[in-house]
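Engineer: Have a look at this one before I ask anything.
The values are calculated or read from the model by the stated rules, or taken from the named source; none is laboratory data. In this text, all values refer to a predicted model and were calculated from it rather than measured experimentally. We place every Cβ from the backbone using ideal geometry, glycine too, and count neighbours over all the protein chains shown.
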Amino acid sequence: DALALRVESMEEKSVAAGVRMELGHQREATEAAVEKNKGMVTQLTELRGQVAALESQILDLVPRKEVAACKSQIATLQSKAAALTDDVASERDAKEASEAR
């Protein structure tokens, strides 16, 4: 009986030591992952700053008048596209109406 209790106690201690060791490994892995993530966040923040700086440089390189002219041309083309779309829809509706007769 005493021997069985000692064996059981030793098994419990062995299991507990294994669990502690595994938890220690998991904690180390988690801490390493956290540090890696911190580094990635730092890199991402730096990249965002670089992108903002590049966007600013691009805007400085392109004269404001050209930007305004391009926006105006885009708006004109969008209006023409909308008008053509309406024309096509009207023609289709008229064709369908005449075919229905």
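Engineer: Looking at Ser56, is it at pLDDT 90 or above, surrounded by 10 or more Cβ atoms within 10 Å (Cβ to Cβ), out of contact with any helix residue (DSSP H, G or I) (no Cβ under 6 Å at 6 or more places or on another chain) and among the polar types (S, T, N, Q)?
Structural biologist: No, not satisfied.
Engineer: Determine whether the range 3-24 contains at least one residue that is modelled with pLDDT under 90, over 30 Å from Val67 (Cα atoms) and among the basic types (Lys, Arg).
Structural biologist: So far as the range 3-24 goes, yes, one or more of its residues are modelled with pLDDT under 90, over 30 Å from Val67 (Cα atoms) and among the basic types (Lys, Arg).
Engineer: Just give me the residues in the range 18-61 being of a type in the set (Val, Ile, Thr) and under 29 Å from the mean Cα position of the chain (by Cα), in sequence order.
Structural biologist: Thr30, Val34, Val41, Thr42, Thr45, Val51, Ile58
Engineer: Then there is this: Hey, can you tell me all the residues within the range 1-19 that are of a type in the set (D, E, K, R) and surrounded by 10 or more Cβ atoms within 10 Å (Cβ to Cβ)?
Structural biologist: Arg6, Glu8, Glu11, Glu12, Lys13
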